[in-house]
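Notes follow the structure.
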Amino acid sequence: MVNVMGTYFTAQLAAQHMIDHGTGGSILLISSQTAHGTTPQEHTSMYGASKTAVKALAVHLGVELAPHKIRVNSLSPGYIETEMGRAALEANPKMRDVFEKAPPLGRRGKVDDLTGATIWLLSDAGSWTTGSDVLITGGLHGGGMHLKV
């Protein structure tokens with residue numbers, strides 16, 4: 001529920017600040033590739049459902065907040081190498097192998113792989129984009145989901 005409620009209330013606070021100051025702006029929510037389908041991991045149904053809700057929030061908030069010149073979009077990254085993720089992969093070498101082999105581009109994502117889409121969606125370059133979701137998965141959303149941990 002934190003993925004959904006925490007994201008919703010944080011977006012509402014940001015939107016209220018923008019409305020109060022008459023600035024408009026852009027809000028970027030973080031969903032996941034699991035919002036688009038299953039992953040090689042087992043037992044991810046609740047995580048996937050919560051990230052699907054985050055993706056839906058971007059669509060609905062994007063429409064609701066548009067009259068205030070506030071855009072809302074989401075990113076759905078694949079396996080991004082983070083400190084938390086590294087610890088999980090070290091604990092399960094089989095999972096590490098899957099995460100490295102499953103994406104068609106042949107590697108796990110890096111935080112820097114999200115930079116371009118983030119800049120686009122938060123800047124004026126994305127000024128006519130709201131309620132959208134951008135998948136950044138190394139191609140995993142198009143294939144490779146058959147590998148299992």
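All of the numbers you see were taken from the coordinates with simple rules; none came from a lab. Keep in mind the model is a prediction, meaning the values are calculated, not measured. Don't worry about glycine lacking a Cβ; one is built from the backbone with ideal geometry, like all the others, and counts go over all protein chains shown.
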ask   = For the range 12-149, with the dipole built from +1 on Lys and Arg beta-carbon atoms and -1 on Asp and Glu ones, taken about the Cα centre, which of H17, I80, T118 lies farthest toward the positive end?
value = I80
task = Subtract the Cα-Cα distance of Y47 and V111 from 0.36 nm times their separation in residues, and report this length gain in nm to one decimal.
result = 21.0 nm
Set of aspartates and glutamates with alpha-carbon distance to K51 below 14 Å, sequence-local pairs under 8 removed = D133
inquiry  = Here are a few candidate values for semi-axes √(5λ) of the Cα gyration tensor in Å: (i) 62, 14, 10; (ii) 31, 15, 13; (iii) 27, 21, 17. Which one was actually calculated from the structure I just gave you?
reply    = (ii)
inquiry  = Once R0 is set to 35 Å, what does the formula 1/(1 + (r/R0)^6) return for the Cβ-Cβ distance between S127 and M5, expressed as a FRET efficiency to the nearest 0.05?
reply    = 0.75
Point-charge dipole on Cβ atoms (K/R +1, D/E -1) for the chain, about Cα centre, debye to 20 = 300
remark   = By the DSSP-based rule, helices of the chain that are at least 27 Å long along the axis (C-alpha) and have a mean Kyte score of at least -0.5 are 45-65
inquiry  = Could you give the length gained by full extension between H17 and K101, i.e. 0.36 nm per residue of separation minus their alpha carbon distance, to one decimal place?
reply    = 25.9 nm
